[in-house]
Structures are given as structure tokens and as C-alpha cells.
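Below: the structure, in C-alpha cells.
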Amino acid sequence: MPPEDDGHAIQVHLDRLLAARSMTLAELAARVGVTNVNLSVLKNGRAKAIRFTTLTAICRVLECQPGDLLSYEEEGSGGEESSGNE
């Protein structure tokens with residue numbers, strides 16, 4: 001099933017935040033206290049939900065706001081595709 005058929009339009013920018021902080025997913029998982037697999041599911045946009053406690057821990061470790069990690073992209077708005085330099 002294509003991503004746009006999964007019922008949500010929330011984009012996760014965990015990869016961007018990790019790169020900006022030169023941090024690996026495994027390091028974040030250890031510091032947040034969740035499994036690498038669970039963070040990978042979130043990072044790849046396959047998560048159906050996120051607990052506020054997990055979101056709080058991620059924001060604390062990455063020193064960011066929830067809006068830095070998550071954004072709402074309406075279907076057909078271009079989303080991440082419009083961020084490239086073409």
C-alpha cells in the first residue's frame with residue numbers, strides 16, 4: 001500500500017535531526033530508552049502512533065520541539081519532494 005493511503009499526513013523528520021546532531025539512531029535509542037526497531041519504524045514513517053513520553057524523551061535528547069520532529073503535509077502538497085534543489 002502506498003504511503004499516502006495509510007490514513008495520515010504526518011511527516012517525521014528524525015533523519016534530519018539526527019544528521020544535524022551527528023547522532024546515530026542506535027545512540028538516540030539508547031538515550032531515549034526505546035528499541036532501535038521502534039525508532040526505525042518512527043523514522044521511516046511507518047509508526048501508527050507515538051507516546052507523549054517517547055516524544056518528550058526524543059525532544060529532550062535532541063533538544064528540539066515536537067514541531068521540529070513532526071509536520072503535517074496535506075496530500076498533493078509536494079511535501080518532502082519540494083525541498084530539493086532542482
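Scan segment 57-69 and give yes if some residue there is surrounded by 10 or more Cβ atoms within 10 Å (Cβ to Cβ), outside any helix (DSSP H, G or I) and modelled with pLDDT of 95 or more, otherwise no.
Yes: one or more hits.
When segment 18-38 is examined, which residues are found to be in contact with a helix residue (DSSP H, G or I) (Cβ under 9 Å, 6 or more places away or on another chain) and of a type in the set (S, T, N, Q)?
Selection gives Thr24, Thr35, Asn36, Asn38.
Could you grab me the full set of residues in segment 2-51 that are on the phi > 0 side of the Ramachandran plot and at pLDDT below 95?
Matches in segment 2-51: Gly7, Gly45.
Within segment 2-11, is there a residue that is part of a helix (DSSP H, G or I), free of Cβ contacts under 8 Å to residues at least 60 places away in the same chain and buried (at least 16 other Cβ atoms within 10 Å of the Cβ)? Outline the logic, then answer.
To start, the set of residues in segment 2-11 that are part of a helix (DSSP H, G or I) comprises 3-5.
Next, from what is left, pick out any that are free of Cβ contacts under 8 Å to residues at least 60 places away in the same chain: 3, 5.
Next, only the ones that are buried (at least 16 other Cβ atoms within 10 Å of the Cβ) stay: none.
Looking through segment 2-11, none of the residues is part of a helix (DSSP H, G or I), free of Cβ contacts under 8 Å to residues at least 60 places away in the same chain and buried (at least 16 other Cβ atoms within 10 Å of the Cβ).
Can you name every residue in segment 22-44 that is touching a residue at least 24 places away in the same chain (Cβ under 8 Å) and surrounded by 14 or more Cβ atoms within 10 Å (Cβ to Cβ)?
Across segment 22-44, the qualifying residues are Met23, Leu28, Arg31, Val32, Leu39, Leu42, Lys43.
Which of (1) in contact with a strand residue (DSSP E or B) (Cβ under 6 Å, 6 or more places away or on another chain); (2) at pLDDT below 95 does Gly84 not meet, given it meets every other one?
It fails just one condition, (1).
The values are calculated or read from the model by the stated rules, or taken from the named source; none is laboratory data. Note that the coordinates shown come from a computational prediction; the quantities given were computed from them, not determined experimentally. Cβ: placed from backbone, ideal geometry, glycine included. Neighbour counts: every protein chain shown.
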